[in-house]
Amino acid sequence: MRTAYSVETVRAAERELMARLPEGALMQRAAAGLAAACAEVLGRVYGSRVVLLVGSGDNGGDALYAGARLARRGAGVRAVLLAPGRAHAGGLAALRRAGGSVVSDAGGAVDLVEQADLVVDGIVGIGGKGGLRENAVPLAEAARRGRGVVVAVDLPSGVDADTGEVRGAAVRADVTVTFGAYKPGLLIDPAREYAGVVRFVGIGLETVGVRAPEVEALQHADVARLLPVPGAESDKYRRGVVGVAAGSARYPGAAVLAVGGALRGGAGAVRYVGPAGGAVLARYPETLVSERGPARAGRVQAWVVGPGAGDDAATVGEVLAADVPVLIDADGLRLAEVGAVRGRGLRGVPTLMTPHAGEAAALLGVEREEVESGRLAAVRELAARYEAAVLLKGSTTVVAEAGGGGAVRVNPTGTPWLATAGSGDVLSGLGGSLLAAGLSAVDAGSVAAYLHGLAGRFAAEGAPVAAEDVAGRIAEAWRSVVGARG
């Protein structure tokens, strides 16, 4: 599990560690890791041109000490001071002793940045709020259009470490070297897009791990442990039966795709209820099709409701009245009454909602842009308002537990090619099947997003894909995860 911690938590751990170390030792550890990463990026340090963008905080000190190490290896290092009177004194002295030089006129440093082989962003630390200050913007723009690699210290300047929000101009890094603990902004868009490749450097913050993370991201081994595995005595009913109430005369394909995802999700059988039974059977003859409505369809361990449902509020309400886990997607989100969903949560019956940003914005009564720019806040607010687990789809898919507390799960898999019609229907079926197999709402959503993202990568391989292609690669994604478990 990859875990990310709030700025407050990281700073508390740093204070505890610094109290046990000689003065300056923690910064030297960070600078050594930063310098090593920069050297690896450069390949050949001797003779390279390095420009440090140095603010007034500790990130600037890290950059200066790392620059001194590179200068001792033969790099030409120049530090651009954005706050000359407040730059880290020890770092400046170390850089000068190593043969580096200082530029105090930030306005005249644009050409230096554009021509550098490596630009180190040490402008703002993890406590920075809002975008870059005016004097730093031309340097960030020069770094972006320049020829060199941009390496950010701890996180790109101008992004919010705690939320992943970007409220103004920010540095776009090719590599971010982060120290001691991951920060939420490194894992969540839009900030994640600014971070590039994230390199972790351990500096001994052991105590950070005893605190609760803000964000966590499953890895292969975590998903492998959660996947349902049938035993010798299993039959299709013991493995779980998932009901799918989806599709309409106008959108029969949504039913077919949701059933396709469900059949590949670990449950023993899939029951389908709705007007698209003929289309479902034509594609998946193993499906148990009923025309009697959800309440009389037969035993299920979980329901999926909403994909392609149109205006069928009666079916949505009937499913929500069931005392089994329910996944609500697409039209079902619009048709589900808040009170009905909250009532399930207050009774302890799991519900998983799976909106995309537009649907989440409609549910919250805000603009879509507000959801996309503040994904953590949006998913927590929905989970609290509906007393349900929420999977917010998008460039970064995030999953919050009912009530909005605890760590938010961030999905690390996927590809932009998954932004295609019907892909979400496949995800819903897959998630519902995992619910029926016995996973909690948060685990079902997280594992479904992980497998769906992997399947999308396997299906795409750099080219456009259709939703059915994604469904067809879920088994391969499952095998890749289980294989990693060994």
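The values are calculated or read from the model by the stated rules, or taken from the named source; none is laboratory data. Because the structure is a prediction, the values reported are computed rather than measured. Because the Cβ atoms are built from the backbone with ideal geometry, glycine has one as well, and the counts that use them run over all protein chains shown. Only protein heavy atoms, including side chains, enter the accessible area calculation; ligands, DNA and RNA are left aside. Shrake-Rupley method; radii C 1.70, N 1.55, O 1.52, S 1.80 Å.
If the only charges are +1 at each Lys and Arg Cβ and -1 at each Asp and Glu Cβ, what is the size of the charge dipole of the stretch 290-404 around the Cα centre, to the nearest 20 debye?
About 420 debye.
Answer with a single label: of [x] 20.7; [y] 24.3; [z] 21.9, which was calculated as mean projected area of the Cα convex hull in nm² from the structure in view?
Of the labelled values, this structure produces [y].
Mind pulling the angle between the C-alpha long axis of helix 25-42 and the longest principal axis of the chain? Nearest 10 degrees, somewhere in 0 to 90.
80
For the stretch 329-338, in order, what is each residue's ³J(HN,Hα) by Karplus, 6.51 cos²θ - 1.76 cosθ + 1.60 with θ = phi - 60°, in whole Hz (x at glycine and Pro)?
Values, residue by residue: 9, 6, 4, x, 5, 6, 8, 6, 6, 4 Hz.
Please go through the stretch 194-277 and write out the GluC sites (Glu not before Pro) that DSSP classes as loop and that have at most 11 other C-beta atoms within 10 Å. Please list the in-between numbers first.
Working: sites: 206, 214, 216, 233; in loops: 214, 233.
Listed in order of number, the matching sites are 233.
If we count every other residue with Cβ under 12 angstrom of residue 273's Cβ, Lys/Arg +1 and Asp/Glu -1, where does the sum land? Please report the intermediate quantities before stating the final value.
Values: positive: 271, 292, 296; negative: 291, 312, 318.
Net of charged neighbours comes to 0.
Count the DSSP beta bridges whose two residues both fall in the chain, then state the antiparallel fraction as a percent rounded to the nearest 5.
Antiparallel: roughly 15 percent of the beta bridges in the chain.
Report the charge-dipole magnitude of the chain in Debye, nearest 20, computed about the Cα centre from +1 at each Lys and Arg Cβ and -1 at each Asp and Glu Cβ.
1060
Please go through the stretch 300-407 and write out the trypsin sites (Lys or Arg not before Pro) that DSSP classes as loop and that have at most 12 other C-beta atoms within 10 Å.
347
Nearest 5 percent is fine: what portion of the DSSP beta bridges confined to the stretch 285-434 is antiparallel?
40
Using modelled amide H (1.01 Å from N, peptide plane; none on Pro or chain starts), what sits under 5 Å from the amide H of residue 103, excluding residues fewer than 5 places away?
Amide H to amide H, under 5 Å and 5 or more residues apart or across chains, residue 103 pairs with 79, 80, 81.
Counting each DSSP H run of 4 or more residues in the chain as -39500 (n - 2.57), what helix-only mean residue ellipticity at 222 nm follows after dividing by all residues, to the nearest 500 deg cm²/dmol?
Rounded to the nearest 500, the figure is -12000 deg cm²/dmol.
If you count only protein heavy atoms with a 1.4 Å probe, what accessible area per residue comes out for the chain, rounded to a whole Å²?
Heavy-atom SASA per residue in the chain reads 40 Å².
Residue-wise, which Karplus ³J(HN,Hα) couplings in Hz belong to the stretch 140-153, taking 6.51 cos²θ - 1.76 cosθ + 1.60, θ = phi - 60°, and x for glycine or proline?
Couplings: 5, 5, 5, 4, 5, 8, x, 8, x, 7, 9, 10, 8, 8 Hz.
Could you derive backbone 3J(HN,Hα) for the stretch 344-358 from the dihedral phi with the Karplus parameters 6.51, -1.76 and 1.60 (θ = phi - 60°), listing whole Hz in sequence and x where the residue is Gly or Pro?
4, x, 5, 8, x, 9, x, 9, 10, 9, 10, x, 8, 4, x
Pull up all non-local amide H partners of residue 196: gap of 5 or more, or a different chain, and H-to-H distance under 5 Å with H placed in the peptide plane.
Close amide H contacts, sequence-distant or interchain: 173.
Any idea what angle helix 441-460 forms with the longest principal axis of the chain, computed on alpha-carbon atoms, 0 to 90 degrees, nearest 10?
In the chain, helix 441-460 runs at an angle near 80 degrees to the longest axis.
Out of all DSSP beta bridges with both ends in the stretch 136-240, state the antiparallel percent to the nearest 5.
On the way: 1 of 9 bridges.
Beta bridges within the stretch 136-240, antiparallel portion: roughly 10 percent.
Count neighbours as other Cβ atoms within 10 Å of each site's Cβ, and list the GluC sites (Glu not before Pro) in the stretch 379-486 that are DSSP loop with at most 12 such neighbours.
For GluC sites (Glu not before Pro) across the stretch 379-486 that sit outside H, G, I, E and B with at most 12 neighbouring Cβ atoms in 10 Å, the list reads 461.
Considering only the other residues whose Cβ falls under 14 Å of the Cβ of residue 461, what net charge follows from Lys and Arg at +1 and Asp and Glu at -1? Intermediate results must be reported in sequence, preceding the final value.
Working: positive: 457, 473; negative: 469, 476.
That sum, taken over residues with Cβ under 14 Å, equals 0.
Taking H placed 1.01 Å from N in the peptide plane, check which residues at least 5 places from residue 272 or on another chain put their amide H under 5 Å from its amide H.
244, 288, 289, 290
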